[in-house]
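Below is one structure, written out as C-alpha coordinates; comments come after it.
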Amino acid sequence: MINAYRNTGRTAVRPAAGARGDRRISRAVLAGAAVVGLGLSGTAVAQAAPGSSTSAKSTPTCSASALKATFGQKLAGGMNHQGVVINLRNLSGRTCALRGYPGLGLENSAHKTLASHTHWGDTWYAASPGKKTLVLRDGGSAEAVVSWSHANTGTAGAVHASYLQVTPPAATQHKTLAFPQWVDNGELRVTALARHIDVNE
(Lines give C-alpha, C1' and ligand atoms only; values in the text may rest on other atoms or scores of the structure.)
Protein backbone atom coordinates (compact mmCIF):
# COMPACT_ATOMS: atom_id res chain seq x y z
CA MET A 1 0.00 0.00 0.00
CA ILE A 2 2.89 2.31 0.76
CA ASN A 3 4.49 1.65 -2.61
CA ALA A 4 1.18 2.13 -4.33
CA TYR A 5 0.64 5.43 -2.50
CA ARG A 6 4.10 6.66 -3.46
CA ASN A 7 3.64 5.76 -7.10
CA THR A 8 0.22 7.34 -7.10
CA GLY A 9 1.64 10.48 -5.54
CA ARG A 10 4.39 10.76 -8.10
CA THR A 11 1.97 10.19 -10.94
CA ALA A 12 -0.34 12.87 -9.57
CA VAL A 13 2.31 15.61 -9.67
CA ARG A 14 3.66 14.82 -13.14
CA PRO A 15 2.31 17.15 -15.84
CA ALA A 16 0.74 15.63 -18.87
CA ALA A 17 2.78 15.45 -22.05
CA GLY A 18 0.68 18.16 -23.68
CA ALA A 19 1.08 20.47 -20.72
CA ARG A 20 4.85 20.03 -20.78
CA GLY A 21 4.89 21.00 -24.45
CA ASP A 22 2.76 24.07 -23.80
CA ARG A 23 5.10 25.19 -21.02
CA ARG A 24 8.16 24.72 -23.21
CA ILE A 25 6.59 26.84 -25.95
CA SER A 26 5.58 29.54 -23.44
CA ARG A 27 9.11 29.65 -22.00
CA ALA A 28 10.63 29.93 -25.48
CA VAL A 29 8.29 32.77 -26.39
CA LEU A 30 9.08 34.64 -23.16
CA ALA A 31 12.82 34.15 -23.62
CA GLY A 32 12.61 35.44 -27.19
CA ALA A 33 10.65 38.47 -26.10
CA ALA A 34 13.21 39.22 -23.42
CA VAL A 35 16.07 39.03 -25.92
CA VAL A 36 14.24 41.31 -28.34
CA GLY A 37 13.49 43.75 -25.54
CA LEU A 38 17.12 43.82 -24.47
CA GLY A 39 18.24 44.31 -28.05
CA LEU A 40 15.95 47.28 -28.57
CA SER A 41 16.98 48.80 -25.26
CA GLY A 42 20.66 48.43 -26.09
CA THR A 43 20.17 50.04 -29.50
CA ALA A 44 18.45 53.04 -27.98
CA VAL A 45 21.27 53.59 -25.53
CA ALA A 46 23.94 53.20 -28.21
CA GLN A 47 22.25 55.76 -30.42
CA ALA A 48 21.78 58.28 -27.63
CA ALA A 49 25.29 58.07 -26.21
CA PRO A 50 27.24 59.54 -29.16
CA GLY A 51 24.99 62.60 -29.34
CA SER A 52 25.36 63.45 -25.69
CA SER A 53 29.11 62.86 -25.79
CA THR A 54 29.57 65.06 -28.85
CA SER A 55 27.62 67.97 -27.37
CA ALA A 56 29.68 67.75 -24.18
CA LYS A 57 32.97 67.96 -26.04
CA SER A 58 32.05 70.65 -28.59
CA THR A 59 33.52 74.14 -28.20
CA PRO A 60 31.76 77.12 -29.81
CA THR A 61 33.62 79.29 -32.31
CA CYS A 62 34.69 82.68 -30.97
CA SER A 63 32.40 85.40 -32.28
CA ALA A 64 33.63 88.92 -33.01
CA SER A 65 31.77 90.21 -29.95
CA ALA A 66 33.64 87.73 -27.73
CA LEU A 67 37.05 89.05 -28.81
CA LYS A 68 39.09 92.18 -28.26
CA ALA A 69 41.41 93.09 -31.16
CA THR A 70 44.61 95.03 -30.56
CA PHE A 71 47.90 95.69 -32.31
CA GLY A 72 51.01 94.15 -30.86
CA GLN A 73 54.57 94.49 -32.12
CA LYS A 74 55.07 96.92 -35.01
CA LEU A 75 57.38 95.69 -37.76
CA ALA A 76 59.51 97.57 -40.27
CA GLY A 77 62.11 96.51 -42.79
CA GLY A 78 63.78 97.20 -46.10
CA MET A 79 62.26 97.45 -49.55
CA ASN A 80 59.34 99.58 -48.29
CA HIS A 81 57.80 96.75 -46.27
CA GLN A 82 55.87 97.26 -43.06
CA GLY A 83 53.90 95.03 -40.74
CA VAL A 84 52.23 94.54 -37.39
CA VAL A 85 51.13 91.72 -35.10
CA ILE A 86 47.37 91.47 -34.52
CA ASN A 87 46.17 90.05 -31.20
CA LEU A 88 42.70 88.58 -30.59
CA ARG A 89 41.86 88.06 -26.90
CA ASN A 90 38.86 86.10 -25.63
CA LEU A 91 36.91 88.23 -23.14
CA SER A 92 33.59 86.37 -23.36
CA GLY A 93 33.77 84.74 -19.94
CA ARG A 94 33.67 81.27 -21.50
CA THR A 95 35.87 79.02 -23.62
CA CYS A 96 35.71 79.36 -27.40
CA ALA A 97 37.80 78.29 -30.40
CA LEU A 98 39.49 79.88 -33.41
CA ARG A 99 40.86 78.18 -36.52
CA GLY A 100 42.38 79.62 -39.67
CA TYR A 101 43.03 83.09 -41.04
CA PRO A 102 41.50 86.41 -40.04
CA GLY A 103 39.79 88.43 -42.74
CA LEU A 104 41.16 91.94 -43.34
CA GLY A 105 39.81 95.08 -44.96
CA LEU A 106 40.62 98.78 -45.24
CA GLU A 107 38.45 101.78 -44.40
CA ASN A 108 38.88 105.52 -44.97
CA SER A 109 38.41 108.18 -42.29
CA ALA A 110 34.63 108.03 -42.76
CA HIS A 111 34.65 104.24 -42.22
CA LYS A 112 33.85 103.61 -45.86
CA THR A 113 35.29 100.32 -47.12
CA LEU A 114 38.17 100.76 -49.57
CA ALA A 115 39.28 98.42 -52.34
CA SER A 116 41.71 95.85 -50.93
CA HIS A 117 42.82 92.24 -51.28
CA THR A 118 44.14 89.91 -48.58
CA HIS A 119 46.60 87.09 -49.26
CA TRP A 120 46.54 84.21 -46.75
CA GLY A 121 49.89 82.51 -46.03
CA ASP A 122 53.47 83.60 -45.45
CA THR A 123 54.24 87.28 -44.95
CA TRP A 124 57.42 89.36 -45.28
CA TYR A 125 58.06 88.94 -41.55
CA ALA A 126 56.85 85.44 -40.67
CA ALA A 127 55.97 82.05 -42.10
CA SER A 128 52.37 81.01 -41.63
CA PRO A 129 51.93 78.26 -39.01
CA GLY A 130 49.04 76.78 -41.00
CA LYS A 131 45.50 76.17 -39.78
CA LYS A 132 45.29 74.86 -36.23
CA THR A 133 42.33 74.81 -33.88
CA LEU A 134 43.07 77.08 -30.92
CA VAL A 135 40.89 76.58 -27.85
CA LEU A 136 40.92 79.83 -25.91
CA ARG A 137 39.82 80.00 -22.31
CA ASP A 138 38.54 83.31 -21.00
CA GLY A 139 41.49 85.71 -21.19
CA GLY A 140 43.38 83.55 -23.70
CA SER A 141 44.64 85.03 -26.96
CA ALA A 142 45.86 84.24 -30.45
CA GLU A 143 47.89 86.30 -32.91
CA ALA A 144 48.58 86.73 -36.62
CA VAL A 145 51.21 88.71 -38.52
CA VAL A 146 50.15 91.24 -41.18
CA SER A 147 52.45 92.82 -43.76
CA TRP A 148 52.15 95.25 -46.68
CA SER A 149 54.36 97.54 -48.75
CA HIS A 150 54.20 101.32 -49.24
CA ALA A 151 56.51 102.07 -52.16
CA ASN A 152 53.82 104.16 -53.86
CA THR A 153 52.95 106.39 -50.90
CA GLY A 154 50.99 109.46 -52.00
CA THR A 155 50.25 108.13 -55.50
CA ALA A 156 47.32 106.47 -57.23
CA GLY A 157 49.17 103.16 -56.89
CA ALA A 158 48.48 103.04 -53.15
CA VAL A 159 45.38 103.10 -50.95
CA HIS A 160 45.37 105.58 -48.08
CA ALA A 161 43.64 103.86 -45.16
CA SER A 162 42.57 105.15 -41.77
CA TYR A 163 41.21 101.92 -40.27
CA LEU A 164 41.79 98.17 -40.54
CA GLN A 165 38.90 95.71 -40.40
CA VAL A 166 39.72 92.42 -38.65
CA THR A 167 37.21 89.60 -39.05
CA PRO A 168 37.80 86.48 -36.90
CA PRO A 169 37.64 83.13 -38.75
CA ALA A 170 34.05 81.95 -39.40
CA ALA A 171 32.65 85.26 -38.07
CA THR A 172 30.26 87.58 -39.90
CA GLN A 173 31.21 90.77 -38.03
CA HIS A 174 34.55 92.53 -37.70
CA LYS A 175 36.58 94.59 -35.27
CA THR A 176 37.98 97.96 -36.34
CA LEU A 177 41.43 99.32 -35.45
CA ALA A 178 43.00 102.69 -36.25
CA PHE A 179 45.35 102.13 -39.20
CA PRO A 180 46.68 105.35 -40.80
CA GLN A 181 48.75 103.67 -43.51
CA TRP A 182 49.47 103.75 -47.23
CA VAL A 183 49.07 100.27 -48.72
CA ASP A 184 50.34 99.51 -52.22
CA ASN A 185 47.39 98.44 -54.38
CA GLY A 186 45.44 97.75 -51.17
CA GLU A 187 47.21 94.38 -50.86
CA LEU A 188 47.66 92.86 -47.41
CA ARG A 189 49.26 89.58 -46.37
CA VAL A 190 48.41 87.71 -43.17
CA THR A 191 49.40 84.45 -41.48
CA ALA A 192 47.05 81.95 -39.88
CA LEU A 193 46.30 82.49 -36.21
CA ALA A 194 48.53 80.86 -33.60
CA ARG A 195 49.20 81.29 -29.91
CA HIS A 196 52.56 82.84 -30.79
CA ILE A 197 54.40 83.52 -34.05
CA ASP A 198 58.12 84.24 -34.27
CA VAL A 199 58.86 87.23 -36.50
CA ASN A 200 61.91 88.35 -38.48
CA GLU A 201 62.49 92.08 -38.43
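If the label point is 7 Å along Cα→Cβ of residue 195, which residues in the stretch 126-149 have backbone nitrogen under 16 Å from it? Hits in the stretch 126-149 for residue 195 at 16 Å: 129-144. If R0 is taken as 45 Å, the Cβ-Cβ distance between residue 160 and residue 58 corresponds to a FRET efficiency of 0.55. Rolled with a 1.4 Å probe across the full set of protein chains, the surface gives residue 145 an accessible area near 0 Å².
Centre-to-centre, using Cα atoms only, the stretch 96-131 and the stretch 60-87 are separated by 9 Å.
Restricted to Cα atoms, the stretch 51-186 shows a radius of gyration and a Dmax of 16.4, 59 angstrom. Note on surface exposure: 71, 179 rank 71, 179 by accessible area, highest first, 1.4 Å probe.
Taking every C-alpha pair closer than 8 Å and separated by at least 6 residues, the mean separation divided by the residue count of the stretch 122-201 gives a relative contact order of 46 percent. How many nm separate the modelled label positions at residue 115 and residue 177, each set 7 Å beyond the Cα in the direction of the Cβ? It is 2.6 nm.
The values are calculated or read from the model by the stated rules, or taken from the named source; none is laboratory data. Given the structure is predicted, the values throughout are model-derived calculations rather than measurements. Note: ideal-geometry Cβ built from the backbone for every residue, glycine included; neighbour counts use all protein chains shown. Please note that ligands, DNA and RNA were not included when accessible areas were found on the heavy atoms of the full protein model with its side chains. Shrake-Rupley method; radii C 1.70, N 1.55, O 1.52, S 1.80 Å.
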